[in-house]
1. Assuming 0.692 mPa s and 37 °C, estimate D for the range 119-212 with Stokes-Einstein, Rh taken as the Kirkwood radius over Cα pairs, in µm²/s.
2. Sorted by accessible area with a 1.4 angstrom probe, largest first, how do V59, V44 fall?
3. Averaged over all directions, how much area does the convex hull of the C-alpha atoms of the range 1-157 cover when projected, in nm²?
4. Add +1 for every Lys or Arg and -1 for every Asp or Glu among the other residues with Cβ under 12 Å from the Cβ of Q193, and state the total.
5. Determine the per residue accessible area of the chain with all protein chains present and a 1.4 angstrom probe, expressed in square angstrom.
6. From Cα pairs below 8 angstrom and at least 6 apart in sequence, can you work out the relative contact order of the chain, rounded to a whole percent?
7. Give me the percent of the accessible area of the chain that comes from carbon and sulfur atoms, probe 1.4 Å, all protein chains in place.
8. Largest first, what is the accessible-area ranking of R166, R68, R198, R209 with a 1.4 Å probe?
Amino acid sequence: LLLPLAVSSVVMSLTTNAPRFLIDLVLGPAELGFFAAVSHFVVVGAVATGSIGHAILPVLAETIRNQREREFWLQLIGIMVVIQVACGAGIVASVFFGGEILRLLYGDAFAGQAALMTAAAVAAGPVYCASIAANGCYAAGLRQGLLISQLIALLTVMLLTLLALRSWGNFGAFGAMLAAGIVQLAFCLFFLQRFWRRHRKQEQHALTRSRN
């Protein structure tokens, strides 16, 4: 099973954009407009995260080729921490300046959507980290595991968006994105841990055979 290099960016884009079709269907064009405007900030961050993920892909592949597990995890987790810190700064900015930023960019009708902007910033962190973890899976050649995690994430965001829209509106859609990001991140980390555990066992087996 061959997947293109940009598959994690494509799926992340689908994860952030799939709720739009459901919002239009359930809540109508007005709420879709609010969601789309706030989502633009998430999309910009997704593009930047995708670029970072592609940039570290050769580094991750090199650590795997040279069997440097600790360096692999330091690279992967380190970037996730930086992303979460950046999203934390975005949350703070949205709390204090979100309404003014939206008013300046989109007009007075959007000034009351600061809380929705905060929800978007909260959801963005796990989604971005899942994208980075997906690049780790790609570097390790875990194409089947990567596809499984991406499909489950897409199903999660679509199902939870449908369930949450009528009760929570656009906040429910961002909550679904948050859950999908966490699910994909958890699956990717699980597959990566299993990969390195199997790799260690193979090394130990080879070492035992060489001694015998």
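1. Estimated diffusion coefficient is 225 µm²/s.
2. V44, V59
3. Seen from a random direction, the Cα hull of the range 1-157 projects 9.7 nm² on average.
4. Around Q193, the surrounding residues sum to +3.
5. 51
6. 27
7. The nonpolar share, carbon plus sulfur, comes to 68 percent.
8. R166, R209, R198, R68
The values are calculated or read from the model by the stated rules, or taken from the named source; none is laboratory data. If you're wondering where the values come from, they're calculated on a predicted model, not measured in any experiment. Cβ: placed from backbone, ideal geometry, glycine included. Neighbour counts: every protein chain shown. Areas reflect the complete protein model, heavy atoms only, side chains present, ligands, DNA and RNA absent. Shrake-Rupley method; radii C 1.70, N 1.55, O 1.52, S 1.80 Å.
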